[in-house]
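S.K.: Dropping the structure in here first, questions after.
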Amino acid sequence: MSECGSIPAWLLTGYLGAGKTTLLNRLLEIPSFKHKRLALLINEFGDIGVDGALVRTGEWSKFELNKGSLFCACIKADTVKTLRQIAFEVKPDAVIIEATGLSESSDLEALFESAALEGRLRTQANVCLVDASTFTRIAAFLPAATRQVQQADGILINKCDLVDQAELARLEAIISRINPAPIYQTSHCDVPSAWFEGLWHSCRCCGMSQSPPAGAVSVSIERVAPVDRAKFTSGVRTLGDKLLRLKGNIDFGDGSVMVELAGGRLTERPAASLSRAPTAFVAIGWDVDRQTLMSLLS
Amino acid sequence: MTGKERVLKAMRCEPVDRIPWVPFVGCHAGALLGMAADEYLKSSKHIIDGVNASIQRYDPDGIPVAFDLQVEAEILGCDLTWAQENPPAVSKHVLSQGVALEDLRVPRADQGRLKEFLDAARSLSSKHPDRAVYGLITGPFTLALHLLGTDIFLKMFDDEPYIHRLMAFCRDVAVTTAGYYLDAGCSIVAVVDPMTSQIGPDVFEQFVTPYALPVFESIRSRGAMGSFFVCGHAQQNLDVMCRCRPDNVCVDENIPLTVVKEICTKHRVSFGGNLQLTTVLLLGKPADAQKNAIECMDIGGQTGFILAPGCDLPYAVPPENLCAVTEIVQDEYKREIARTMSVTQAQQCGLDMREYGQADRVIVDIITLDSEACAPCQYMVEAVKKVAPEFEGLVEWREHKIKYRESLVFMNSLMVRNVPTICIDGIITFVSRIPARDELVAAIQKRIYDKVRTRIQRRRALVLVLGDGGEQCQKLQANVETAIAELGAEVEVRMVTDELEILRHGVSPRQTPVAVVAKYQVKSSRRVPETAIIKEWIKDVL
């Protein structure tokens, strides 16, 4: 317990597969945690028990929540019950919470402040893992991915070995715009303990940013008539860094080709199959509205 | 108006006699039967018994057959993990286990636990024709997430056509299972799609709207009604949800009901919700549940609103909390009391009543809502009014109508929690019960005897002999002392010769010798009594 009597809680967020469990196992080895009495609260949407089983055994109390998104109203009762058990019965030195990629970290703060927990738990730091290879693909579809970054006290960009330097630089620029919190780039959650220990919590969901951060949007474009290559290329050039991803078939007049934009590079290869119109692709933009994205690419 | 009529009318945004109440009893019914969720949700018999027990206890206008969004996914090949106090959760997503989407088939009515649920639906619909029995189906997007897992978000970019094929399959499952429930006699189908709260309106329109619309259309084509249930942070999607043309939208506590009302009203869609599941219904007390229900009802209003919890009720929700909601939904009088009580509690102020009731007369306070508007209050006031004259001025009675702030404060100060209540000299004596004449007389008499006894014990007296201290005065003092001695009383005798002090007693020095008897009674000590209380003491001596 800390000086003020509340138990510090570390929150790990990030999309499924970002490396939260690997990070958790690493954290269990760092001096801040190694000799402490810890309680671990683990939840992942769907793959129940998998993350829990991957956490190495040790001198800690482990709790698993087996239903949906942590902090969703459906699981709130279980979450409160488990947190109360941790706070009033286990009374560990610290708690580490591995949240699902679908959870809203601001809900946890609200829970900590609820009467049910009587102020026994407080957020020490909220760390968000970003998978360098998937973030720009999912951000347009899963707002929670962006919000988890927005509310973090420290952001670990993981799996950096899976993307090139240009894409990584672009990703870091995007993440910094969402949240100016400390960022650390790594490949296998290999983070120095000092970086982790140097994080402290500030409420980022209430007032740090006066305007919502730029967000990712997606458009799905389908057309039967061929696409003018020059206009398309010009559109891509105009969008520049605002075009994060593009993938699908485009018919430039000579039959469909598979076009993909990743890391700022546009590549073409033969179309694998034609399930829909000759031109059917998805594009993800950043800090651009859907209409502009649509009109520049179609 | 039956509960079913009430719910259906509310769904159609037509006027109702009162707001309908639909507790979403799922595995909580298992708790009522004393069995774990993993046993309860596997048998039609248990579900029938559980819902019957819920109906008996909570007297709802509508109720779901069961609340388990994993039934379809289980039949389609997803692994489940069971819990004792929760519905099961999907632990393995069938499409991430090497199974092809094309190999999945829409569940048949006789498959898996769906058969149990449909058997229960048939029995409950037939046994309770006066209640709206809801058939719950898994919404297309939530089912897609169950089947594929969170890879769905990656595939929206990587393989958009696949996601559309998956959603089309889930739509077919939803349309078919909705039909099964309608065949079984349900009048409402709730399309429960909580995972849509994870996406924004653009993605919703792209991947959900085309598949949710036909589900509601199919329900409507059968002459039934469809409700779109969603939980979580789904505020951004309310507009697009309404555009899917459900008859009703139901949300949980994560969305302010005022926002839901505004958006749904714009679309002429009825709405429901949003009692707080955990902090109030599970962890709170009956008074908290009533307060929350009143807040929802006040916002929801009389037209197009259904009072309901935002999601599946927690297994261990105390039944008395739900009964408390039923009480105030069905009884306007109790609702007014609960509303007033919550205001009283919020005010958190009161009078120091420790010295209350020490006047000579017995004070009978009747705390009412308003005897002119509430029958029990009227009878209670009449009962007191009738017996008071029998005590020939010894009893004073007053009605405190709690619609007035000062009466609320008074009620709070006396720790009164129910209305109507009779307090005799500040002591709660009859709660929500009209006493028989003899009973009331006996209670007042007992108080009179108590007061007499206390008064004798606490009173002190002083006899002042006013005069010049001469022979006459000496003789008077001697007689007084003899009288006190003969009575065996503890009374002090004091001679006052100062002319100014004699004048202060209202007599002239020329009128002496004068005897003044002064009675003292300790009315309060170590505290400052309220003015209202002091007034009562003063009235005694005037």
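The values are calculated or read from the model by the stated rules, or taken from the named source; none is laboratory data. Just so it is clear, the model here is predicted, and its values are computed rather than measured. FYI the Cβ positions are ideal-geometry reconstructions off the backbone, even for glycines, and counts take in every protein chain you see. For accessibility, only protein heavy atoms count, side chains too; no ligands or nucleic acids. Shrake-Rupley method; radii C 1.70, N 1.55, O 1.52, S 1.80 Å.
S.K.: Can you name the residue in segment B:169-178 that is among the hydrophobic types (A, V, I, L, M, F, W, C) and open to solvent by less than 20 Å² (accessible area, probe 1.4 Å) and is also farthest from the other protein chains (Cβ to nearest Cβ) among such residues?
M.R.: So, considering only residues that are among the hydrophobic types (A, V, I, L, M, F, W, C) and open to solvent by less than 20 Å² (accessible area, probe 1.4 Å), the one farthest from the other protein chains (Cβ to nearest Cβ) is B:Ala178.
S.K.: Looking only at residues in segment B:80-114 that are among the charged types (D, E, K, R) and away from every other protein chain (no Cβ under 11 Å), which one is least open to solvent (accessible area, probe 1.4 Å)?
M.R.: By that ranking, first place goes to B:Arg113.
S.K.: Scan segment B:179-189 residue by residue and report those that are surrounded by fewer than 24 Cβ atoms within 10 Å (Cβ to Cβ) and either within 14 Å of another protein chain (Cβ to nearest Cβ) or part of a helix (DSSP H, G or I) (or both).
M.R.: B:Gly179, B:Tyr180, B:Leu182, B:Asp183 - these are the residues of segment B:179-189 that are surrounded by fewer than 24 Cβ atoms within 10 Å (Cβ to Cβ) and either within 14 Å of another protein chain (Cβ to nearest Cβ) or part of a helix (DSSP H, G or I) (or both).
S.K.: Could you tell me whether segment A:261-283 includes any residue that is open to solvent by less than 80 Å² (accessible area, probe 1.4 Å), touching a helix residue (DSSP H, G or I) at 6+ places or on another chain (Cβ under 6 Å) and in a strand (DSSP E or B)?
M.R.: yes
S.K.: Do the conditions hold for A:Cys160, that is, is it in contact (Cβ under 8 Å) with a residue 12 or more places away in the chain, more than 14 Å from chain B (Cβ to nearest Cβ), in contact with a Ser or Thr (Cβ under 7 Å, 6 or more places away or on another chain) and open to solvent by less than 10 Å² (accessible area, probe 1.4 Å)?
M.R.: Spelling it out, it is not the case that A:Cys160 is in contact (Cβ under 8 Å) with a residue 12 or more places away in the chain, more than 14 Å from chain B (Cβ to nearest Cβ), in contact with a Ser or Thr (Cβ under 7 Å, 6 or more places away or on another chain) and open to solvent by less than 10 Å² (accessible area, probe 1.4 Å).
S.K.: Okay, next question. Here are B:Arg437, B:Arg453, B:Arg447, B:Arg417: which of them is touching a residue at least 40 places away in the same chain (Cβ under 8 Å) and over 34 Å from the mean Cα position of the chain (by Cα)?
M.R.: Sole residue among the options that is touching a residue at least 40 places away in the same chain (Cβ under 8 Å) and over 34 Å from the mean Cα position of the chain (by Cα): B:Arg447.
S.K.: Let me ask you something else. So, in segment B:88-114, how many residues would count as being part of a helix (DSSP H, G or I) and in contact (Cβ under 8 Å) with a residue 12 or more places away in the chain?
M.R.: Number satisfying all stated conditions: 7.
S.K.: Where in segment B:1-52 are there helices (runs of 4 or more DSSP H), lying wholly inside it, with at least 1 residues that are polar (S, T, N, Q) and without any contact (Cβ under 8 Å) to a residue 60 or more places away in the chain?
M.R.: none
S.K.: Applying the selection to segment A:75-119, what residues are open to solvent by 10 Å² or more (accessible area, probe 1.4 Å), part of a loop (DSSP other than H, G, I, E, B) and at the interface with another protein chain (Cβ under 10 Å from one of its Cβ atoms)?
M.R.: A:Glu104, A:Ser114
S.K.: Is there a residue in segment B:483-503 that is of a type in the set (D, E, K, R), surrounded by fewer than 16 Cβ atoms within 10 Å (Cβ to Cβ) and touching a Ser or Thr at 6+ places or on another chain (Cβ under 7 Å)?
M.R.: The answer is no; no qualifying residue exists.
S.K.: Oh, and also: Pick from segment B:154-166 the residues that are touching a residue at least 12 places away in the same chain (Cβ under 8 Å) and within 22 Å of A:Tyr15 (Cα to Cα): which of them is farthest from the other protein chains (Cβ to nearest Cβ)?
M.R.: Going through the qualifying residues, I end up with B:Leu166.
S.K.: Sticking with this one: Does any residue of segment B:286-303 turn out to be in contact with a Ser or Thr (Cβ under 6 Å, 6 or more places away or on another chain) and either modelled with pLDDT of 90 or more or β-branched (Val, Ile, Thr) (or both)?
M.R.: Yes, the conditions are met somewhere in segment B:286-303.
S.K.: Looking only at segment B:127-143, decide whether some residue is more than 27 Å from A:Ala280 (Cβ to Cβ), open to solvent by less than 10 Å² (accessible area, probe 1.4 Å) and of a type in the set (Ser, Thr, Tyr).
M.R.: There is at least one residue in segment B:127-143 that is more than 27 Å from A:Ala280 (Cβ to Cβ), open to solvent by less than 10 Å² (accessible area, probe 1.4 Å) and of a type in the set (Ser, Thr, Tyr).
S.K.: Continuing with the same structure: Given the conditions (1) within 14 Å of another protein chain (Cβ to nearest Cβ); (2) more than 14 Å from the chain's Cα centre (by Cα), and given that A:Ile138 satisfies all but one, which numbered condition is not satisfied?
M.R.: If we test A:Ile138 against (1) within 14 Å of another protein chain (Cβ to nearest Cβ); (2) more than 14 Å from the chain's Cα centre (by Cα), just (2) comes out false.
S.K.: Let me ask something additional. Quick one: which residue in A:Arg122, A:Arg177, A:Arg147 is in a helix (DSSP H, G or I), in contact with a Ser or Thr (Cβ under 9 Å, 6 or more places away or on another chain) and among the basic types (Lys, Arg)?
M.R.: Going through A:Arg122, A:Arg177, A:Arg147 in turn, just one is in a helix (DSSP H, G or I), in contact with a Ser or Thr (Cβ under 9 Å, 6 or more places away or on another chain) and among the basic types (Lys, Arg): A:Arg147.
S.K.: Out of segment A:220-239, which residues are in contact with a Pro (Cβ under 8 Å, 6 or more places away or on another chain) and modelled with pLDDT of 90 or more?
M.R.: Selection gives A:Pro226 alone.
S.K.: Does segment A:150-161 contain any residue that is modelled with pLDDT under 90, in a helix (DSSP H, G or I) and either polar (S, T, N, Q) or farther than 27 Å from A:Glu260 by Cβ (or both)?
M.R.: yes
S.K.: Now a separate question. Considering segment B:199-210 alone, what residues qualify as being in contact with a Gly (Cβ under 9 Å, 6 or more places away or on another chain) and in contact (Cβ under 8 Å) with a residue 40 or more places away in the chain?
M.R.: Hit for segment B:199-210 is B:Val208, nothing else.
S.K.: Which pairs have Cβ atoms under 9 Å, sit 6 or more apart or on different chains, and link a residue in segment A:7-32 that is within 14 Å of another protein chain (Cβ to nearest Cβ) to one that is open to solvent by less than 20 Å² (accessible area, probe 1.4 Å) and among the basic types (Lys, Arg)?
M.R.: From residues that are within 14 Å of another protein chain (Cβ to nearest Cβ), the pairs are A:Thr13/A:Lys20; A:Gly14/A:Lys20.
S.K.: Checking the structure you have, find out if any residue of segment B:151-168 is at pLDDT 95 or above, among the basic types (Lys, Arg) and surrounded by fewer than 20 Cβ atoms within 10 Å (Cβ to Cβ).
M.R.: Within segment B:151-168, one or more residues are at pLDDT 95 or above, among the basic types (Lys, Arg) and surrounded by fewer than 20 Cβ atoms within 10 Å (Cβ to Cβ).
S.K.: Please return the ranges of strands (runs of 3 or more DSSP E) entirely within segment B:190-307 where 2 or more residues are within 11 Å of another protein chain (Cβ to nearest Cβ).
M.R.: Ranges flagged: B:270-275.
S.K.: For segment B:13-22, indicate whether the set of residues that are in contact with a strand residue (DSSP E or B) (Cβ under 7 Å, 6 or more places away or on another chain) and open to solvent by 40 Å² or more (accessible area, probe 1.4 Å) is non-empty.
M.R.: Yes, that holds for at least one residue.
S.K.: All but one of (1) farther than 15 Å from B:Val22 by Cα; (2) in contact with a helix residue (DSSP H, G or I) (Cβ under 7 Å, 6 or more places away or on another chain) hold for B:Lys266; which doesn't?
M.R.: Just one mismatch for B:Lys266, condition (2).
S.K.: Just to check your reading of the model, which residue among B:Asp79, B:Asp110, B:Asp59, B:Asp38 is among the charged types (D, E, K, R) and closer than 22 Å to B:Gly3 by Cα?
M.R.: Answer to the check: B:Asp59.
S.K.: Could you check, for segment B:37-58, whether at least one of its residues is buried (at least 18 other Cβ atoms within 10 Å of the Cβ), touching a His at 6+ places or on another chain (Cβ under 7 Å) and within 30 Å of B:Cys264 (Cα to Cα)?
M.R.: Within segment B:37-58, one or more residues are buried (at least 18 other Cβ atoms within 10 Å of the Cβ), touching a His at 6+ places or on another chain (Cβ under 7 Å) and within 30 Å of B:Cys264 (Cα to Cα).
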